[in-house]
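For reference, the structure discussed in these notes is given below.
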Amino acid sequence: MRSLIDILELSVAEIDELLATAEDIIANPEKYADACRGKKLATLFFEPSTRTRLSFEAAMYELGGNVLGFSDAGTSSASKGESMADTAKVISCYADIIAMRHHQEGAPLVASCNATVPVINAGDGGHNHPTQTLADLLTIKRELGRLDHITVGFCGDLKYGRTVHSLISALSRYAGVKLVLISPKELGIPGYVKYEAMSNMEWEETTDLEAKLPELDVLYMTRIQRERFSDLDTYERLKDSYILTADKMKLAKEKMAILHPLPRVNEISVKIDADPRAAYFRQVLNAKYMRMALILKLLGAAKGKERRPEPLPTARGDEGLIVNELKCQNTRCITQTEQELDQVFRRVSDTVCRCIYCEKKLGE
Ligand code: NCD
């Protein structure tokens, strides 16, 4: 059984294969109309979502499969205190594959170590969002014709924007990708992305969007993530930091692609929607095709195999794991609430240990 929790679990060859499947689905949708007949996808959304949940559901229906699930954590047994492990074991009795979004970082990893069917991380807190990355990669490929030798600007909330973290990790695998990280100082990229995924990449940080706009092949805009701020005064002060207007777009390359995972608040003027460089609604459609390709891949891999959970991180034989000696201090980490979950840290250097669930550094 194979799940998708972190985008780096897919090799470049597997990503290429998913991109090719998505292109084939776009060209020949009728070929896939019965591909998942009799299969069920459970969508467990403990956190609000419009497009991710509906796009998973549309993807499964277009493959001829069925969907069950919930979109409001208040209607699930989690509100009665059920653990993530038990929820995952129970849902595995009803569905062949699970797509899950959760406000706690690391929750999908815990689910995948307990479910007996593949689990797809559809966003965990401010941490990761690998299927949005698949949509982003297909969009960049279709807009620019390549994924290598490009300059990508990320603008807005790079601290809490989980789509940014997963896309940077994926881009770190392609040659000649340069990153320009544009954010207020308070909303810069977290350490686990900067010191790991970005360690082999060329990158710079700035607060000035206009100065860097002329160099970009892709501009990835994000909203400031209000729900992740512990202090709303800071949100109010930072919320309008970047607004892309038609005037600013005069500074950009003629072939630049504007991406945005959506929802947009006010960071892109609606006047830009008619600009051919605005790729964000095409990105929404691409997301559905990439999710179809992913469901096909994971169900295909699970076919005929014994149903059993992913091995626990402590049972994988990874080197450098420290078990139950340290405690994660990230208040959004799943280890804060899940019953009897081992605290597991990975030693990444002589001085740094990271929680394997949320990747935060001890004390971060
Ligand atoms: C993003 C998310 O949920 O992280 N939306 C999405 O899945 N397309 C971005 C956001 O909420 O800002």
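The values are calculated or read from the model by the stated rules, or taken from the named source; none is laboratory data. Owing to the predicted nature of the structure, the values given are computational and were not obtained by experimental measurement. Because the Cβ atoms are built from the backbone with ideal geometry, glycine has one as well, and the counts that use them run over all protein chains shown. In case anyone asks, the SASA skips ligands and DNA or RNA and just uses the protein heavy atoms, side chains included. Shrake-Rupley method; radii C 1.70, N 1.55, O 1.52, S 1.80 Å.
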Looking at the range 336-351, which of its residues are in a loop (DSSP other than H, G, I, E, B) and either closer than 19 Å to residue 125 by Cβ or not aliphatic (A, V, I, L, M) (or both)? 337, 338, 339, 340, 341, 342, 343, 349, 350, 351
Given the criteria surrounded by 20 or more Cβ atoms within 10 Å (Cβ to Cβ) and out of contact with any His (no Cβ under 8 Å at 6 or more places or on another chain), does residue 218 qualify? yes
Residues of the range 323-355 that turn out to be open to solvent by 30 Å² or more (accessible area, probe 1.4 Å) and farther than 18 Å from residue 78 by Cβ, as a count: 13
Conditions (1) more than 16 Å from the ligand (Cβ to nearest atom); (2) without any contact (Cβ under 8 Å) to a residue 12 or more places away in the chain: number failed by residue 65: (2)
In the range 193-215, which residues are under 21 Å from the mean Cα position of the chain (by Cα) and open to solvent by less than 10 Å² (accessible area, probe 1.4 Å)? 193, 198
Please enumerate the residues belonging to the range 53-70 that are open to solvent by less than 20 Å² (accessible area, probe 1.4 Å) and within 14 Å of residue 291 (Cβ to Cβ). 55, 56, 59, 60, 63, 65
How many residues does the range 232-249 hold that are in a helix (DSSP H, G or I) and closer than 24 Å to residue 150 by Cα? 4
Where residues in the range 88-97 are touching a strand residue (DSSP E or B) at 6+ places or on another chain (Cβ under 9 Å) and part of a helix (DSSP H, G or I), which of them is nearest to residue 338 (Cα to Cα)? 88
Could you check the range 273-313 and list, in sequence order, the residues that are surrounded by fewer than 19 Cβ atoms within 10 Å (Cβ to Cβ) and closer than 18 Å to residue 222 by Cβ? 273, 277, 281, 282, 284
Failed item in (1) in a loop (DSSP other than H, G, I, E, B); (2) within 22 Å of the chain's Cα centre (by Cα), with residue 252 passing the rest: (2)
Restricted to the range 11-52 and to residues being within 16 Å of the ligand (Cβ to nearest atom) and open to solvent by 50 Å² or more (accessible area, probe 1.4 Å), the residue nearest to residue 295 (Cα to Cα) is 51
Which of the residues that make up the range 36-87 are aromatic (Phe, Trp, Tyr) and assigned to a helix (DSSP H, G or I)? 56, 61
Please work out if residue 319 is within 16 Å of the ligand (Cβ to nearest atom), touching a strand residue (DSSP E or B) at 6+ places or on another chain (Cβ under 9 Å) and not basic (Lys, Arg). no
Please verify whether residue 267 is open to solvent by 30 Å² or more (accessible area, probe 1.4 Å) and closer than 22 Å to residue 144 by Cβ, treating the condition exactly as stated. no
Cβ-Cβ distance below 7 Å, separation of 6 or more or different chains: which pairs start in the range 251-278 with a residue that is among the charged types (D, E, K, R) and end on one that is within 16 Å of the ligand (Cβ to nearest atom) and part of a loop (DSSP other than H, G, I, E, B)? 264/223; 267/156; 267/223; 267/242; 267/243
Qualifying strands (runs of 3 or more DSSP E) (wholly inside the range 127-231; at least 3 residues being closer than 24 Å to residue 291 by Cβ and in contact (Cβ under 8 Å) with a residue 12 or more places away in the chain): 218-221
Within the range 91-105, work out how many residues are in contact with a helix residue (DSSP H, G or I) (Cβ under 8 Å, 6 or more places away or on another chain) and either more than 16 Å from the ligand (Cβ to nearest atom) or more than 16 Å from residue 332 (Cα to Cα) (or both). 5
Reported set for the range 130-182 where residues are among the small types (Gly, Ala, Ser), open to solvent by 10 Å² or more (accessible area, probe 1.4 Å) and within 16 Å of the ligand (Cβ to nearest atom) is 169
Within the range 222-236, identify whether any single residue is within 15 Å of the ligand (Cβ to nearest atom), open to solvent by 50 Å² or more (accessible area, probe 1.4 Å) and either among the hydrophobic types (A, V, I, L, M, F, W, C) or more than 18 Å from residue 360 (Cα to Cα) (or both), and answer yes or no. yes
